[in-house]
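**Student:** Sharing a structure below in structure tokens format, with a few things to ask.
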Amino acid sequence: MTQPANRAESSPVESPSKSDLAAVLAEIVGARHVLSRPSELLVYNSDGLPGYRRQPRLAVFPGTRDEAIAVVRLLAAEKIPFVPRGAGTGLSGGALADDIVVVGLHRLKKIISVDVENRRALVEPGVVNLKLNRHVAAQGLLYAPDPSSESACTIGGNVAENAGGPHCLKYGVTLNHVLALTVVLPSGEIVELGSKVGEKDGYDLRGAFIGSEGCFGLALDVTVKLTPKPQTVRTILADFMSVNEAAQVTSAVIASGIVPAALEFMDGPTIRVVEDSIYAAGYPRDAEAILLIELDGPEAGVIADLETVRRICTSGGARNVRVARDDAERMKLWQGRKKAFGAMGRLAPHLIVQDAVIPRTKLPEILETIHRISEKYRVLVCNVFHAGDGNLHPNIAYSADDPDESERVHKAMREIMQSCIDAGGSITGEHGVGLDKMGYMESIFSETSLNAMCELRSVFDPERRSNPGKVVPVHSCREWQGVPAVRRAEKQPTPLEAEPSRPVA
Amino acid sequence: MSTASIAASIKESFAARTPLRIAAGGSWLEAGRPVRAERTLSLREESGVTAYVPADLTITVRGGTRLSEIEAATRETKQWLPLDPFGSGDGTIGATIATASAGPLSSNFGLPRDLVLGLEFVNGRGEIVRAGGKVVKNVAGFDLSRLLTGSWGSLGVITEVTLRLYGSPEADRTFVIHLGESEKQITSLLRALVAAPLSPFAFVLVSASVSRALHLGEDPVGLIRFGGNSAAVKAQAGGLAQIANTEEIDSTNWQSLREIEAGSHTSLRISGLPQRIVAAAARILSDDVRGVFTSIDPRRGVIRVVAGSAEGTASSPEIAAGIERTDSSELVFEKLPADLWPTVSPSVVADPLSQGIKKAYDPHNILNPGILGDLN
């Protein structure tokens, strides 16, 4: 059931045959780094959200900056659409290529320079998030955005998605940590966005590029800001016998004005599945919810805030409030949280994850609504999410091979999303729109707003060849409305389209 | 007035190709390149809080809302918007976002681009566009909020903004730091201060002219502000006292510092790698030109030069040129006398991407035409 959504926007020009194209690409990157056999391409059929599958036509992996430029220029000359891809850990189907070319950037993995004094680093797009962190740790620095996939995801992918993570509550998302980028536009032209040395005026093209989900071209290098490691870190585990109490405590901590480094929520089903897995963190199995609250900064301030948070938790009904004694215990508490999605693999072969954001005061109400929806459709929703910024990740483990269950799961997810939208929220906080949430874009943005996005995209990529068919539905783009071929070719994937898929690792 | 009536007015101007000057509080009209416009579109009536749920720590306000109104609305609930652009509190949020203006708090709380969660604007065809949202984390769609922030009204008229708020600190204390006599002394003190495990809300160094204006003596000084819970602030103040010779002063000095710019003719900003700015700071501060006010944010890596008199205006581009020659840096002019604009700074929107965006959002070039330089 492969739909031609990706091809929709590109004009059907006479392209070179697949083998011809593979041959010229091989001249640039070497034959080893071009894949064209369906069996070899299998791994590029999906990203971190296995509900979607698309078969790429070819995959090419440049090993140097010059090779990457040459590949993009060749594709430009031949007018061939392509999808930039990092580690493929994305959770929105954003890195899928439907019979077009995947340009994989994971071989561009040099940390070009680290300027310890000025706290910045220049890296290639394929550098793995955690590797950068390990590289600068000895200098007392860190790269703040910490998506849960940090051990695999790349900086280039983080830029494309404007990735977040638990510690974004205090430190901000990727956007707040990228100073400059060198980008190769889909036309093959190279531009510098932002400034490596200071603050520029003019339009914030760097800001526009970050989070553009691969639709504006691909980054060749990224200058990121590094953050000094906090002097003191304290991690609190508070457990509750009711979801509502934990939600109320979350709202109370935020309302107190304290900005925790992270404030994470896990409900009973999530706790138990984590505790049953190899990632067992010592969470109380009988609790209905836990909060993982981290405070960091200069010592005296952290200690004082710790007491305030403890008081809020206790008076809000926490059964136990435990502070991790040492780094080893902290790491264990965090590992359970960060590997929670992986642990869900124990429940059922397939998993659907949502990423809606709601105003933080609506948390108790929405969690109640989610519970009601899960009962209505007889599905098991596990909630594990960034409570501090209202970024929910309700997820449902299920078997896609059971059509009745699949249908109930999809209906439940749609209803959950709708209730978040109705609460004044957003459809995605950090995973991106990709293919998965494109169908919801019209429920939060007007026609003119979507058209303004199309216009911006057209400036960076007039031919719409870079990651076509993602983020904004083609029919929302005014300039394309009159093109009958495009209208005909466009088939939107339904949100949460059901397909048999591999288990989440 | 409403967004709809602003849209109608811009639609009319679009049809007639009438260039518009976008204005609200009027305190920014002297900034930017001279605008060639026949009519003024005023957002003065577009003011007030649209939505404010304190426990969400977000606020939605109309574009013409004065910063002082936001301060008053949030103060009651012990919250604040840590955005302190130079100039007076009469400036509006729309102008602050449109010009991406930031003050001393930005090295801790971020620039306007970091505080804006979403906005509504009307483009040059009179169409209403909403970007971002009202929640604190959002990656739905391409980031038009960032694009509009700092676009000086040339891509759209900002009619509404949603911002992130913070809880007011329990303690908020400001200290003056006596920097010492020689350039060498000053430089080593600055290095020690920047390297120390201090996390101030704000830290700036000011020239002797600013010290005099603030009645803080005859020499360049540092101003540092700590906020947070009382224990944290006390510990930070103690840590500072071990490194430097300090004295506590009233926090109203920050407002006075911002207001030095209210009547200025010229203001420019040089930014560079923080360590380079630290290395150059002592020399720059020792250059005491009458009528020129210099302040340096060593953590953000920004030098700000403001001239309040004709005498100062004549010399400030030279100061900028001198710094520009010695350091690799970015130079941004905010205010200049009209006749100086063509001589010092070319268009900042001359690149093909910026021009493509301008043409898409304002095809007839009717929104603040010329303010960021001419299109090709």
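**Student:** Just checking, how many residues over the stretch A:330-349 are assigned to a helix (DSSP H, G or I) and touching a residue at least 40 places away in the same chain (Cβ under 8 Å)? Steps first, please.
**Tutor:** Step one: list which residues in the stretch A:330-349 are assigned to a helix (DSSP H, G or I), which gives A:330-338, A:340-344.
Within this subset, residues satisfying the condition of being touching a residue at least 40 places away in the same chain (Cβ under 8 Å) are A:330, A:332-338, A:340-344.
Final tally of qualifying residues: 13.
**Student:** When you check B:Thr60 against the structure, is it assigned to a strand (DSSP E or B), touching a strand residue (DSSP E or B) at 6+ places or on another chain (Cβ under 6 Å) and within 12 Å of chain A (Cβ to nearest Cβ), yes or no? Reasoning before the result, please.
**Tutor:** Numbers: assigned to a strand (DSSP E or B): yes; touching a strand residue (DSSP E or B) at 6+ places or on another chain (Cβ under 6 Å): yes; within 12 Å of chain A (Cβ to nearest Cβ): yes.
Yes.
**Student:** With the structure loaded, tell me whether A:Ala397 is more than 13 Å from every other protein chain (Cβ to nearest Cβ), in contact with a helix residue (DSSP H, G or I) (Cβ under 6 Å, 6 or more places away or on another chain), modelled with pLDDT of 95 or more and surrounded by 21 or more Cβ atoms within 10 Å (Cβ to Cβ) or whether it fails that test.
**Tutor:** Details: more than 13 Å from every other protein chain (Cβ to nearest Cβ): yes; in contact with a helix residue (DSSP H, G or I) (Cβ under 6 Å, 6 or more places away or on another chain): yes; modelled with pLDDT of 95 or more: no; surrounded by 21 or more Cβ atoms within 10 Å (Cβ to Cβ): yes.
Spelling it out, it is not the case that A:Ala397 is more than 13 Å from every other protein chain (Cβ to nearest Cβ), in contact with a helix residue (DSSP H, G or I) (Cβ under 6 Å, 6 or more places away or on another chain), modelled with pLDDT of 95 or more and surrounded by 21 or more Cβ atoms within 10 Å (Cβ to Cβ).
**Student:** Working only within the stretch B:31-53, note down all residues that are more than 17 Å from B:Gly91 (Cβ to Cβ), outside any strand (DSSP E or B) and either small (Gly, Ala, Ser) or in contact (Cβ under 8 Å) with a residue 40 or more places away in the chain (or both).
**Tutor:** Result: B:Arg33, B:Pro34, B:Val35, B:Arg36, B:Ala37.
**Student:** Could we say that B:Ser145 is surrounded by fewer than 24 Cβ atoms within 10 Å (Cβ to Cβ), within 27 Å of A:Ile254 (Cβ to Cβ) and within 14 Å of another protein chain (Cβ to nearest Cβ) here?
**Tutor:** Numbers: surrounded by fewer than 24 Cβ atoms within 10 Å (Cβ to Cβ): no; within 27 Å of A:Ile254 (Cβ to Cβ): yes; within 14 Å of another protein chain (Cβ to nearest Cβ): yes.
The answer is no for B:Ser145.
**Student:** Going by what's in this entry, would A:Ala262 be described as within 20 Å of A:Leu295 (Cβ to Cβ), crowded, with 23+ Cβ neighbours inside 10 Å, away from chain B (no Cβ under 11 Å) and small (Gly, Ala, Ser)?
**Tutor:** Details: within 20 Å of A:Leu295 (Cβ to Cβ): yes; crowded, with 23+ Cβ neighbours inside 10 Å: yes; away from chain B (no Cβ under 11 Å): yes; small (Gly, Ala, Ser): yes.
Taking the combined requirement at face value, the residue satisfies it.
**Student:** Does B:Val135 qualify as being β-branched (Val, Ile, Thr), more than 13 Å from B:Gly222 (Cβ to Cβ) and either within 10 Å of another protein chain (Cβ to nearest Cβ) or over 24 Å from the mean Cα position of the chain (by Cα) (or both)? Outline the logic, then answer.
**Tutor:** Numbers: β-branched (Val, Ile, Thr): yes; more than 13 Å from B:Gly222 (Cβ to Cβ): yes; either within 10 Å of another protein chain (Cβ to nearest Cβ) or over 24 Å from the mean Cα position of the chain (by Cα) (or both): yes.
Judged against the criteria, B:Val135 is a match.
**Student:** Could you list, in sequence order, all residues of the stretch B:63-84 that are more than 16 Å from B:Val49 (Cα to Cα), buried (at least 19 other Cβ atoms within 10 Å of the Cβ) and within 14 Å of another protein chain (Cβ to nearest Cβ)? Working first, answer last.
**Tutor:** Start the filter on the stretch B:63-84 by keeping residues that are more than 16 Å from B:Val49 (Cα to Cα), which leaves B:78, B:82-84.
Then keep just the ones that are buried (at least 19 other Cβ atoms within 10 Å of the Cβ); that gives B:82-84.
Within the stretch B:63-84, B:Pro82 is the sole residue that qualifies.
**Student:** Considering only residues that are under 21 Å from the mean Cα position of the chain (by Cα) and of a type in the set (A, V, I, L, M, F, W, C), look in the stretch B:23-59 and name the one that is farthest from A:Asp389 (Cα to Cα).
**Tutor:** Among those that are under 21 Å from the mean Cα position of the chain (by Cα) and of a type in the set (A, V, I, L, M, F, W, C), it is B:Val35.
**Student:** Would you check which residues across the stretch A:76-98 are crowded, with 24+ Cβ neighbours inside 10 Å, more than 21 Å from A:Ile427 (Cα to Cα) and not charged (D, E, K, R) and list them?
**Tutor:** Across the stretch A:76-98, the qualifying residues are A:Pro81, A:Phe82, A:Val83, A:Pro84, A:Gly86, A:Ala97.
**Student:** For B:Ser271, all conditions in the list (1) in contact with a Pro (Cβ under 6 Å, 6 or more places away or on another chain); (2) within 14 Å of another protein chain (Cβ to nearest Cβ) hold save one; what is the number of the exception?
**Tutor:** (1)
**Student:** Right, another one. Can you name every one of the strands (runs of 3 or more DSSP E) wholly within the stretch B:201-255 that holds 3 or more residues which are farther than 20 Å from B:Ser88 by Cα? Let's see the steps before the verdict.
**Tutor:** Details: elements: B:202-206, B:221-228, B:245-249.
Because the criterion is at least 3 residues that are farther than 20 Å from B:Ser88 by Cα, the strands (runs of 3 or more DSSP E) in the stretch B:201-255 that meet it are B:221-228, B:245-249.
Okay, residues lined up against (1) in contact with a helix residue (DSSP H, G or I) (Cβ under 6 Å, 6 or more places away or on another chain); (2) of a type in the set (Ser, Thr, Tyr); (3) not assigned by TED's automatic domain parsing to the domain that holds B:Gln242:
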site	(1), (2), (3)
B:Arg113	yes, no, yes
B:Leu119	yes, no, yes
B:Gly126	yes, no, yes
B:Thr159	yes, yes, yes
B:Val176	no, no, no
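**Student:** Separate question: If A:Val72 meets every condition in (1) under 22 Å from A:Leu185 (Cβ atoms); (2) of a type outside the set (Gly, Ala, Ser); (3) touching a helix residue (DSSP H, G or I) at 6+ places or on another chain (Cβ under 9 Å) apart from one, which number is that one?
**Tutor:** Result: A:Val72 passes all but (3).
**Student:** Still on this structure: Among (1) among the small types (Gly, Ala, Ser); (2) more than 12 Å from the chain's Cα centre (by Cα); (3) part of a helix (DSSP H, G or I); (4) crowded, with 23+ Cβ neighbours inside 10 Å, there is one condition B:Ala8 misses while meeting the rest; what is its number?
**Tutor:** (4)
**Student:** Are any residues in the stretch A:354-375 surrounded by fewer than 23 Cβ atoms within 10 Å (Cβ to Cβ), more than 14 Å from chain B (Cβ to nearest Cβ) and in contact (Cβ under 8 Å) with a residue 60 or more places away in the chain, and if so, which ones?
**Tutor:** A:Glu368, A:His371
**Student:** Which one is farthest from A:Gly202 (Cα to Cα), of the residues in the stretch B:256-269 that are in contact with a Phe, Trp or Tyr (Cβ under 6 Å, 6 or more places away or on another chain) and assigned to a loop (DSSP other than H, G, I, E, B)?
**Tutor:** So in the stretch B:256-269, the residues in contact with a Phe, Trp or Tyr (Cβ under 6 Å, 6 or more places away or on another chain) come out as B:258, B:260-261, B:268.
Next, only the ones that are assigned to a loop (DSSP other than H, G, I, E, B) stay: B:260-261.
Numbers: B:Ile260: 25, B:Glu261: 22 Å.
In this case the residue turns out to be B:Ile260.
**Student:** Out of the residues in the stretch B:305-327 meeting the condition of being buried (at least 23 other Cβ atoms within 10 Å of the Cβ) and either of a type in the set (Asp, Glu) or modelled with pLDDT of 90 or more (or both), tell me which one is farthest from B:Glu261 (Cα to Cα).
**Tutor:** Of the residues in the stretch B:305-327, the ones buried (at least 23 other Cβ atoms within 10 Å of the Cβ) are B:305-307, B:316.
Retained after the next criterion (residues that are either of a type in the set (Asp, Glu) or modelled with pLDDT of 90 or more (or both)): B:305-306.
Working: B:Val305: 10, B:Val306: 7 Å.
Checking each candidate, the answer is B:Val305.
**Student:** Let me spell it out: the conditions are (1) buried (at least 24 other Cβ atoms within 10 Å of the Cβ); (2) more than 10 Å from chain A (Cβ to nearest Cβ); (3) under 30 Å from B:Arg125 (Cα atoms), and B:Glu160 meets all of them except one. Which number is the exception?
**Tutor:** So B:Glu160 meets the others, but not (1).
**Student:** From (1) surrounded by 22 or more Cβ atoms within 10 Å (Cβ to Cβ); (2) out of contact with any Leu (no Cβ under 7 Å at 6 or more places or on another chain), pick out the condition that doesn't hold for A:Ser242.
**Tutor:** (1)
**Student:** Shifting gears a bit: Within the stretch B:15-25, take every residue that is under 28 Å from B:Gly308 (Cα atoms) and in contact (Cβ under 8 Å) with a residue 40 or more places away in the chain and give me the one that is surrounded by the fewest Cβ atoms within 10 Å (Cβ to Cβ).
**Tutor:** Of the residues in the stretch B:15-25, the ones under 28 Å from B:Gly308 (Cα atoms) are B:21-25.
Pick out the ones that are also in contact (Cβ under 8 Å) with a residue 40 or more places away in the chain and you get B:21-22, B:24-25.
Details: B:Arg21: 18, B:Ile22: 28, B:Ala24: 28, B:Gly25: 24.
Taking the candidates together, the pick is B:Arg21.
**Student:** Of A:Arg337, A:Arg378, which residue is buried (at least 17 other Cβ atoms within 10 Å of the Cβ) and in contact with a helix residue (DSSP H, G or I) (Cβ under 9 Å, 6 or more places away or on another chain)? Before you say what the answer is, go through the steps one by one.
**Tutor:** Values: A:Arg378 fails: buried (at least 17 other Cβ atoms within 10 Å of the Cβ).
The match here is A:Arg337.
**Student:** How many residues, within the stretch B:224-257, are of a type in the set (Phe, Trp, Tyr) and touching a residue at least 60 places away in the same chain (Cβ under 8 Å)? Walk me through how you get there before you give the answer.
**Tutor:** If we filter the stretch B:224-257 for residues that are of a type in the set (Phe, Trp, Tyr), which is where we start, we get B:226, B:254.
Those still in the list that are touching a residue at least 60 places away in the same chain (Cβ under 8 Å) too: B:254.
Adding up the residues that qualify gives 1.
**Student:** Could you grab me the full set of residues in the stretch A:439-474 that are facing chain B (nearest Cβ under 7 Å) and under 21 Å from the mean Cα position of the chain (by Cα)?
**Tutor:** Within the stretch A:439-474, A:Met441, A:Ile444, A:Phe445, A:Met453, A:Arg457, A:Val471, A:Val472 qualify.
**Student:** Do any helices (runs of 4 or more DSSP H) lying entirely in the stretch B:86-130 carry at least 1 residues that are under 14 Å from B:Leu148 (Cα atoms), at the interface with another protein chain (Cβ under 9 Å from one of its Cβ atoms) and not hydroxyl-bearing (Ser, Thr, Tyr), and which ones are they?
**Tutor:** On the way: elements: B:93-99, B:106-109, B:112-115.
Of the helices (runs of 4 or more DSSP H) lying wholly inside the stretch B:86-130, those with at least 1 residues that are under 14 Å from B:Leu148 (Cα atoms), at the interface with another protein chain (Cβ under 9 Å from one of its Cβ atoms) and not hydroxyl-bearing (Ser, Thr, Tyr) span B:112-115.
**Student:** Search the stretch B:245-265 for residues being surrounded by 14 or more Cβ atoms within 10 Å (Cβ to Cβ) and among the β-branched types (Val, Ile, Thr), and hand back the single one that is farthest from B:Pro337 (Cα to Cα).
**Tutor:** Once the filter is applied, the top-ranked residue is B:Thr246.
The values are calculated or read from the model by the stated rules, or taken from the named source; none is laboratory data. Remember, predicted model here, so these are calculated numbers, not experimental data. As a convention, Cβ positions derive from the backbone with ideal geometry for all residues, glycine included, and neighbour counts pool all protein chains shown.
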